[in-house]
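A short write-up of the structure that comes next.
The values are calculated or read from the model by the stated rules, or taken from the named source; none is laboratory data. The structure presented is a predicted model; accordingly, all values stated were derived computationally and were not measured. Positions of Cβ are backbone-derived with ideal geometry, glycine not excepted, and every protein chain shown enters the neighbour counts. SASA here: full protein model, heavy atoms, side chains in, ligands and nucleic acids out. Shrake-Rupley method; radii C 1.70, N 1.55, O 1.52, S 1.80 Å.
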Amino acid sequence: QVQLVESGGGLVQPGGSLRLSCAASGSIFSIGTMGWYRQAPGNQRELVGWITSGGSTNYADSVKGRFTISRDNAKNSVYLLMNMLKREDTAVYYCNAGSPARDYWGQGTQVTVSS
């Protein structure tokens, strides 16, 4: 089993920045790619981006150039740096970790972009 705990969400003004963190614990040796997803009210959960254990990244078109995913394998953590935030980035953000057996999810952290 893998446990994921997100932190760093909150209220930010349009154009501002936030950094989300996700700490993994448990059977972390099984984790490969880690990623971030988000879900806005009334919408389906969507991919924000992912990062492999080797550091390769991929992003949704809607966040390219504004969001950056990084990973610290020594701390078993993944991060999401969000710059130039827009109102449409408002959502609950979820950390995801993939293993050969299954995917794991965090509890989510709310990000609200509003003036």
TODO: Between beta-carbons, use under 15 Å as the cut-off and find the net charge around ALA91, counting Lys and Arg +1, Asp and Glu -1.
DONE: +1
TODO: Using only the Cα atoms of the stretch 29-74, build the gyration tensor, take square roots of its eigenvalues as a ≥ b ≥ c, and label the shape rounded, prolate or oblate: rounded if a/c is under 1.5, else prolate if a/b is larger than b/c, else oblate.
DONE: oblate
Open item on the list: Sorting check: for 90-99, 17-26, which peptide has the highest mean count of neighbouring beta carbons within 10 Å, and how do the rest follow?
Closed with: 90-99, 17-26
Open item on the list: What are the ³J(HN,Hα) couplings of the stretch 60-71, residue after residue, when phi is run through the Karplus curve with 6.51, -1.76, 1.60 and θ = phi - 60°? Round to Hz, x for glycine and proline.
Closed with: 5, 4, 5, 10, 4, x, 10, 10, 9, 9, 9, 8
Task: Total formal charge among the other residues, if their Cβ is under 10 angstrom from that of GLY108, Lys/Arg +1 and Asp/Glu -1 - done: +1
- [ ] Report TYR59's accessible area, 1.4 Å probe, all protein chains in place, as a number in Å² to the nearest 10.
- [x] 40
Task: At R0 = 30 Å, FRET efficiency that the Cβ-Cβ distance of ARG102 and ASP72 yields, to 0.05 - done: 0.85
